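Shown next, in structure tokens, is the structure this report addresses.
Every number here is computed from the coordinates shown, using simple stated rules; none is lab data. Quick caveat, the model's predicted, so the values are computed rather than measured. In this analysis, Cβ positions are derived from the backbone assuming ideal geometry, glycine residues included, and neighbour counts consider all displayed protein chains.
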Amino acid sequence: MAGPAGIEPTSPSSKHGILSIELRTAINKFMIINLDLENPDSDYLLSLVDQLEKKDSSVRDAAFEKFKRQQFYSPLLNQVMFEPYWCTELKNYVDRVYQPHFTHTLHPVIVRLKNRIPGHSKLACYMPHTDRDRAIGLNFCIKPGGPDVTTIFYKERANLNIKNAPYKSYDDLTVASVNQLNDKKWVALDTHCYHSVENIADERILFSLGVREISLSRFKSIYPNLIV
Ligand SMILES: [Fe+2]
């Protein structure tokens, strides 16, 4: 099965360099692939978030205050708070259920992208960025975050060793594809390509397994049995 179909952008970035449908589809195959993996126990994962949320709320508030002081932060965009959750129990779950399918080490996290200002004139976005600590994200969407949430991929890629500046302005990027990755299905994403998430109404929750050592194209050749 081909990657999720691209649709026309409806985001703040839509005015920037939209590619032809043919080129976009071709690029998309290198950025997003569908996987054949068993669905996780979403209720269990949400219960872990509940436990961890109570435990670490002050840490997350401090992180958001720090985030707001960054150069790229703009209150006009209504940027989400990125909340990562992990614990030994999560790691044990992944080691038992998913790790046996892989020779590369999986680095699990549950991510919540939260609209901190629900009454804002714009729905929340997770602005364009690359993932610093992994080359591939194997994602399962537990909660989409609203009916119109889109995941945008851009043509530009980051230096693989990038550490300190994962964010980029919409103005400096060219949209490659706009996707609805909101179903309860596994997808593998090239997270060294710039990507953003748009139109988050409340909270989006993803279960994500990071792979650090290999590119998405290598992943496809090493794990053909997992590709849909
Ligand atoms: Fe990301």
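What the Kirkwood sum gives for the stretch 127-215 is a hydrodynamic radius of 13.4 Å, with every pair of different alpha carbons counted. All distinct Cα pairs of the stretch 54-96 go into the 1/r average, and the inverse of that average, the Kirkwood radius, is 12.5 Å.
A convex hull fitted to the Cα coordinates of the stretch 96-159 yields 144 cubic angstrom per residue. For a 28 Å ceiling on Cα separation, which of these pairs sit above it: LYS68/LYS184; LYS54/LYS143; LYS68/LYS185; LYS91/LYS185; LYS55/LYS122; LYS114/LYS184? Cα-Cα > 28 Å for LYS68/LYS184; LYS68/LYS185; LYS55/LYS122; rest within. Figure legend: label point modelled 7 angstrom from the Cα of TRP86 along Cα→Cβ; residues of the stretch 202-221 with amide N under 19 Å from it are 205-216.
Between SER221 and SER121, the simple label model (points 7 Å from Cα in the Cβ direction) yields a spacing of 5.1 nm. Compared with the alpha-carbon gap, the fully stretched path from LYS66 to SER169 is longer by 35.2 nm at 0.36 nm per residue.
On the basis of the beta-carbon distance and an R0 of 22 Å, SER42 and GLU156 show a calculated FRET efficiency of 0.10.
Across the stretch 79-86, coupling constants 3J(HN,Hα) worked out from phi with the 6.51/-1.76/1.60 Karplus curve, θ = phi - 60°, read 6, 5, 8, 8, 10, x, 10, 8 Hz, and Gly and Pro carry x.
Would you mind ranking TYR93, TYR167 so that the residue whose beta carbon has the fewest other beta carbons within 10 Å leads the list?
So the ranking, lowest neighbour count to highest, is TYR167, TYR93.
For the stretch 67-197, list log₁₀ I(q)/I(0) at each q in 0.09, 0.10, 0.15 Å⁻¹, using the Debye formula over Cα point scatterers of equal strength and ignoring solvent, two decimals each. Listed by q, the Debye log ratios stand at -0.29, -0.35, -0.81.
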